[in-house]
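Report on one structure; see the data block that follows.
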Amino acid sequence: MRVLAHLSDLHFGRTDPVVVEALLADLAAQKPDLVIVSGDLTQRARTHQFAEARAFLDRLPAPAMVVPGNHDLAPLYRPLNRLFRPRARFEHHLAGHADSTMWNDERLLVVGLDSTRHLRWKSGKLRTRHLDQLDNALAAAPQVVCRVAFLHHPPATALSGHSFDALADRGVDLVLTGHAHKAHLELITGQHHGTAILVQASTACSTRLREDANGYGIIRVAMPETMVEVRGWSGERFHAVRQQHYRKHGGHWKECP
Ligand SMILES: [Fe+2]
Ligand SMILES: [Fe+2]
């Protein structure tokens, strides 16, 4: 079995320190093999916010993989940086995390895809090069039994929603996203009938709450089965809010009651 922790939208600069500490303690108790962070680590891509994010990643109980979110690009009020060096601070401060966009431990393949667009603020995009990147990673790891892709933007805000179908058709088992600050689980089906489990996480520890409380996901992969547990903040601690069990049969994922 592999245990993945999926965090998103940390937004250092707008975090609740009590929630941050409780999150680290809860993560340690879950004993993940890998922590996946699907973007928006900072509120405004400021140096001290990236330093806080880096310190947080360094305290995690497992290796971490990250991709940027729209909040991690140089802000629009710094137009030259935004235009020419949008990811410079992200890459500088998160070196060692940001450049490890692939994880392959023989059983599990995890690929991070940068869906941000520096000329647009909120909408993301999956580009042809992402699918090429994924194809190369999949071709190089034929032995893995579970394939995971993660990116910041969910289907509702990615300009090419059908790109998510393409992930399912490529044999990706799990697609992990954030950005909406709302936990959501869904099975997606590609045009060629591939299926993937979409896991969208709430904001893990920021005060930028929308409908959901702070939360994150624990994903237990024991092929052909996967259990996704949404863990939410009660005001005192993180606890299991929802558990959804999936089984892959005949090449397709199905929800189990
Ligand atoms: Fe966010
Ligand atoms: Fe975002």
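The values are calculated or read from the model by the stated rules, or taken from the named source; none is laboratory data. Small disclaimer: the values here were computed from a predicted structure and weren't measured. Cβ atoms come from the backbone with ideal geometry, glycine included; neighbour counts cover every protein chain shown. Just so you know, the surface numbers come from the protein's heavy atoms only, side chains and all, with ligands and any DNA or RNA stripped out. Shrake-Rupley method; radii C 1.70, N 1.55, O 1.52, S 1.80 Å.
For this structure, a couple of remarks:
- The strands (runs of 3 or more DSSP E) located wholly in segment 24-115 that include 1 or more residues which are under 26 Å from Ser163 (Cα atoms) and open to solvent by less than 20 Å² (accessible area, probe 1.4 Å) occupy 34-37, 64-66, 108-112.
- Neighbours by Cβ (under 7 Å, 6+ apart or cross-chain): first from segment 187-215, more than 15 Å from Gly232 (Cβ to Cβ) and of a type in the set (Ser, Thr, Tyr); second buried (at least 24 other Cβ atoms within 10 Å of the Cβ) and modelled with pLDDT under 95: Thr189/Ala168; Thr195/Ala168
- Qualifying residue in segment 139-157 (condition: assigned to a strand (DSSP E or B), farther than 21 Å from Ala5 by Cα and touching a residue at least 24 places away in the same chain (Cβ under 8 Å)): no
- Yes/no for Asp16 being within 15 Å of Ala204 (Cβ to Cβ), more than 14 Å from ligand 2 (Cβ to nearest atom) and of a type in the set (Asp, Glu): yes
- Filter result for Leu209 (under 24 Å from Val19 (Cβ atoms), in a strand (DSSP E or B) and of a type in the set (A, V, I, L, M, F, W, C)): no
- Evaluated against (1) within 16 Å of ligand 2 (Cβ to nearest atom); (2) exposed (fewer than 14 other Cβ atoms within 10 Å of the Cβ); (3) more than 24 Å from Asp16 (Cβ to Cβ), Leu151 falls short on exactly one condition, (2).
- Residue in segment 230-250 that is open to solvent by 50 Å² or more (accessible area, probe 1.4 Å), modelled with pLDDT under 95 and within 16 Å of ligand 2 (Cβ to nearest atom) present: no
- With respect to being in contact with a Phe, Trp or Tyr (Cβ under 9 Å, 6 or more places away or on another chain), over 25 Å from Ala149 (Cα atoms) and of a type outside the set (Asp, Glu), Gln49 fits the description.
- Members of segment 165-182 that are buried (at least 24 other Cβ atoms within 10 Å of the Cβ) and either at pLDDT below 95 or within 15 Å of ligand 2 (Cβ to nearest atom) (or both): Leu167, Ala168, Leu176, Thr177, Gly178, His179
- Extreme residue, nearest to Ser8 (Cα to Cα), among residues of segment 188-218 that are within 13 Å of the chain's Cα centre (by Cα) and surrounded by fewer than 23 Cβ atoms within 10 Å (Cβ to Cβ): Ile218
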